[in-house]
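Right, one structure below, let's go through it.
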Amino acid sequence: MSIKAMDFSLRINPSICFTQNLPKPSSKLRFLTVRCSLPLTSDDAATGLAERPWKVADARLVLEDGSIWKAKSFGASGTQVGEVVFNTSLTGYQEILTDPSYAGQFVLMTNPHIGNTGVNFDDEESRQCFLAGLVIRSLSISTSNWRCVETLGDYLAERNIMGIYDVDTRAITRRLRQDGSLIGVLSTEQSRSDEVLLEMSRSWDIVGIDLISGVTCNASYEWVDKTKSDWDFNSNGRDQETYRVVAYDFGIKHNILRRLASYGCKITVVPSTWPAAETLKVKPDGVLFSNGPGDPSAVPYAVETVKEILGKVPVFGICMGHQLLGQALGGKTFKMKFGHHGGNHPVRNLRNGRVEISAQNHNYAVDPASLPEGVEVTHVNLNDGSCAGLAYPALNVMSLQYHPEASPGPHDSDCAFREFIGLMKSTKQAA
């Protein structure tokens, strides 16, 4: 390897730099010349180009609208297709990475600075990362958190998840808000042309795909972990009675289970295809239909399971579970323009007028006009007026379109778990 000296002469006046007193005009000024050399490869020497001491753009995000966004890569390499959505959360990127509801999607963080707290294994919301990739503006060059055990880049690389940075996330977000969620292809492979990547983005669709089957558990299991005492809240006045709950795993987050356990529930988690008859056989006090990814219309088997359980025991639906309940009750769901993703969405509880700041992650919603008589809309998203909660008292049904466990996010809606406990308690006493 040849070495070529590249001269950067800095004329420094030591008396100015290293003393507090400025020299007198008559003083003779002395200057130091600082010279540095950068190593060049033989190829660089042949072409006359110096080796750059910074990373250059080596990745592309190609959207189906034809726009091409050059960026720098971190994490895994390769080519991946997915739906691009933006998330407005300021913190909690590790919980977002491990939220199964993001399966098949590239998550664009609107907060520009990501990675400064690194990652730790206590904040994971599932057994692995299910999202297709991460898009950020600025990747932190260092980590500073007492719980950090690994950098974000290393964490993604070990889990084969692609990430890009140094891309204009504000411009992409504006495009998504204007045109709606877009399919994109993320690639670090220079052998693939822009035209090939564009064709890939236009030939793939997330609508109608059963994404739940790829994130659900393979077998039933018992969950016992509660929210750790350091992080627990709303602990006063909890019922000391134990309630048996069967939780359908459509992509369930660990902190949903922890909050239920903290409220006194003994939980059995079952796969998405678990027969309703097997659930009813154990005589649970209640059934939870969890969050999950994708289109609720793509999983008719889950809707049928919900129908068979309705009216038999109290049920609580969260996110995907809310949408499945809406369909099982006779309503319809539709794909939103760009969905709700973030930890700062205002929701009004129509029963008491209380406004909650909520954590949300969904691209589909229930059409309230399609619901039959007797089904009550209990919560409304104040950003767009969409349905954010349902109740059907005749069948002991309650549901929320957002995440009451809020990991990450505010704890305004944690009272929903207490309400579910109350529903199971009143039904149990009336039996």
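The values are calculated or read from the model by the stated rules, or taken from the named source; none is laboratory data. Just so we're clear, the structure is a prediction, and the values are computed from it rather than from any experiment. Cβ sites come from the backbone with ideal geometry, for glycine too, and all protein chains shown count toward neighbours.
Here are the numbers for this structure:
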| quantity | calculated |
| --- | --- |
| Top-ranked residue of the stretch 77-106 - restricted to ones that are in a strand (DSSP E or B), under 21 Å from Lys337 (Cα atoms) and of a type in the set (S, T, N, Q), ranked as farthest from the chain's Cα centre (by Cα) | Gln105 |
| So Lys307, is it in contact (Cβ under 8 Å) with a residue 60 or more places away in the chain and surrounded by fewer than 19 Cβ atoms within 10 Å (Cβ to Cβ) | no |
| Every residue from the stretch 385-431 that is hydroxyl-bearing (Ser, Thr, Tyr) and more than 21 Å from the chain's Cα centre (by Cα) | Tyr392, Ser426, Thr427 |
| For Glu222: the one exception among (1) surrounded by 14 or more Cβ atoms within 10 Å (Cβ to Cβ); (2) among the acidic types (Asp, Glu); (3) in contact with a strand residue (DSSP E or B) (Cβ under 7 Å, 6 or more places away or on another chain) | (1) |
| Tally, over the stretch 85-126, of residues that are under 25 Å from Asp168 (Cβ atoms) and either assigned by the TED database to the domain that holds Gly342 or of a type in the set (A, V, I, L, M) (or both) | 8 |
| Flag for Asn383 being over 19 Å from Ile252 (Cβ atoms) and touching a residue at least 60 places away in the same chain (Cβ under 8 Å) | no |
| Options Thr169, Thr117: the member that is surrounded by 19 or more Cβ atoms within 10 Å (Cβ to Cβ) and either more than 25 Å from Leu211 (Cβ to Cβ) or at pLDDT below 95 (or both) | Thr117 |
| Test: residue in the stretch 395-403 that is under 26 Å from Asp285 (Cβ atoms) and either outside the structural domain of Phe233 (by the TED database) or part of a helix (DSSP H, G or I) (or both) | yes |
| The listed residue being within 30 Å of Glu64 (Cα to Cα) and of a type in the set (Val, Ile, Thr), out of Val270, Val246, Val224, Val215 | Val215 |
| Test: residue in the stretch 341-348 that is touching a His at 6+ places or on another chain (Cβ under 6 Å), under 24 Å from Ile209 (Cα atoms) and of a type outside the set (D, E, K, R) | no |
| Candidate set: the stretch 312-364, residues that are small (Gly, Ala, Ser) and part of a strand (DSSP E or B); chosen: the one nearest to the chain's Cα centre (by Cα) | Gly342 |
| Qualifying residue in the stretch 64-85 (condition: crowded, with 17+ Cβ neighbours inside 10 Å, hydrophobic (A, V, I, L, M, F, W, C), touching a strand residue (DSSP E or B) at 6+ places or on another chain (Cβ under 6 Å) and free of Cβ contacts under 8 Å to residues at least 40 places away in the same chain) | no |
| Top-ranked residue in the stretch 25-76 [being under 26 Å from Leu131 (Cβ atoms) and in a loop (DSSP other than H, G, I, E, B); ranked as modelled with the lowest pLDDT] | Lys55 |
| Close pairs (6 angstrom Cβ cut-off, 6 or more residues apart or separate chains): within 15 Å of Lys253 (Cβ to Cβ) in the stretch 215-227, assigned to a loop (DSSP other than H, G, I, E, B) anywhere | Val215/Phe130; Val215/Gly251; Thr216/Asp249; Thr216/Pro271; Thr216/Ser272; Cys217/Asp249; Cys217/Pro271 |
| Qualifying residues in the stretch 269-296 (those that are crowded, with 17+ Cβ neighbours inside 10 Å and hydroxyl-bearing (Ser, Thr, Tyr)) - the one nearest to Leu400 (Cα to Cα) | Ser290 |
| Residue check, Leu400 touching a Cys at 6+ places or on another chain (Cβ under 9 Å) and modelled with pLDDT of 95 or more | yes |
| Filtered residue count, the stretch 274-307, keeping only those that are of a type outside the set (Asp, Glu) and not in a loop (DSSP other than H, G, I, E, B) | 19 |
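Residue-wise test of (1) closer than 28 Å to Cys265 by Cα; (2) at pLDDT 95 or above; (3) crowded, with 21+ Cβ neighbours inside 10 Å.
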| residue | (1), (2), (3) |
| --- | --- |
| Ala298 | no, yes, no |
| Val303 | yes, yes, no |
| Val315 | yes, yes, yes |
| His322 | yes, yes, yes |
| Phe338 | no, yes, no |
| Val355 | yes, yes, no |
| Gln360 | yes, yes, yes |
